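Peer 1: Let me give you the structure first, and then I'll get to my questions.
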Amino acid sequence: MRIAAFTGSFDPYTIGHDDIVRRALPLFDRIVIGVGYNEHKQYMQPPEERCKLIRSYYKNEPKIEVVAYNDLTVDFCRRVEAQYIIKGVRTLKDFEYEQEMAEINRRLSGVETICFFASPELAHISSSMVRELAHFGKDVADFLPKHP
């Protein structure tokens, strides 16, 4: 069974994240979306609220599970039996960061990272950009997945 973990803070979960998951879905038997959190960071929503919202997007997709975690991604992967980590890459800066993390994760655990390049029409969307727009009272609905 091919199990992948798609990990991030997902604060918020955007249409770019959704695009990566939907493109990765045919490649895996199961995708576990890992909602990472750190008690020392400030988030728009607590992890369980983020998980609940993401679950609602995939309520009709039995291959997807959503779980919060607060430890190393490789330890999370071990717990959910993921052999792969899915990452989205929007920019060269993202690529360089993900390449470093992929090497560390593979060295620590043997878990392989698979990068999906952002769809060009979504590459400008980031959680931090959406958070900032929301902070200033702008409508961010176009950047968030629609409920089924």
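Peer 1: From the set of residues in segment 102-130 that are hydroxyl-bearing (Ser, Thr, Tyr) and in a loop (DSSP other than H, G, I, E, B), which is surrounded by the most Cβ atoms within 10 Å (Cβ to Cβ)?
Peer 2: Looking at residues that are hydroxyl-bearing (Ser, Thr, Tyr) and in a loop (DSSP other than H, G, I, E, B), I get 126.
Peer 1: May I pose another question? So which residues in segment 42-57 are of a type outside the set (A, V, I, L, M) and in contact (Cβ under 8 Å) with a residue 24 or more places away in the chain?
Peer 2: Of everything in segment 42-57, those that are of a type outside the set (A, V, I, L, M) and in contact (Cβ under 8 Å) with a residue 24 or more places away in the chain turn out to be 43, 45, 50, 56, 57.
Peer 1: Related question: Can you find a residue that is among the charged types (D, E, K, R), free of Cβ contacts under 8 Å to residues at least 60 places away in the same chain, in a helix (DSSP H, G or I) and loosely packed, with under 15 Cβ neighbours inside 10 Å anywhere in segment 131-139?
Peer 2: There is at least one residue in segment 131-139 that is among the charged types (D, E, K, R), free of Cβ contacts under 8 Å to residues at least 60 places away in the same chain, in a helix (DSSP H, G or I) and loosely packed, with under 15 Cβ neighbours inside 10 Å.
Peer 1: Oh, and also: Restricting attention to segment 72-91, does a residue exist that is in contact with a Cys (Cβ under 6 Å, 6 or more places away or on another chain), within 21 Å of residue 23 (Cα to Cα), charged (D, E, K, R) and touching a residue at least 12 places away in the same chain (Cβ under 8 Å)?
Peer 2: yes
Peer 1: If you don't mind, another one. Within segment 1-101, considering only helices (runs of 4 or more DSSP H) that don't extend past its boundaries, which have at least 3 residues that are among the aliphatic types (A, V, I, L, M) and buried (at least 16 other Cβ atoms within 10 Å of the Cβ)?
Peer 2: Per the criteria, 15-24.
Peer 1: Among the residues of segment 1-45, write down those that are farther than 21 Å from residue 118 by Cα and hydroxyl-bearing (Ser, Thr, Tyr).
Peer 2: Within segment 1-45, 37, 43 qualify.
Peer 1: Still on this structure, I have one more. Of a type in the set (A, V, I, L, M, F, W, C) and in contact (Cβ under 8 Å) with a residue 60 or more places away in the chain: does that describe residue 101?
Peer 2: Against the criterion (of a type in the set (A, V, I, L, M, F, W, C) and in contact (Cβ under 8 Å) with a residue 60 or more places away in the chain), residue 101 does not qualify.
Peer 1: Of all residues in segment 15-31, which are closer than 20 Å to residue 122 by Cα and of a type in the set (Val, Ile, Thr)?
Peer 2: 15, 20, 21
None of the figures in this text is laboratory data; all of them are computed from the coordinates on show. All values reported here derive from a predicted model rather than from experimental measurement. A quick note on method: Cβ atoms are made from the backbone with ideal geometry, for glycine too, and the neighbour counts reach across all protein chains shown.
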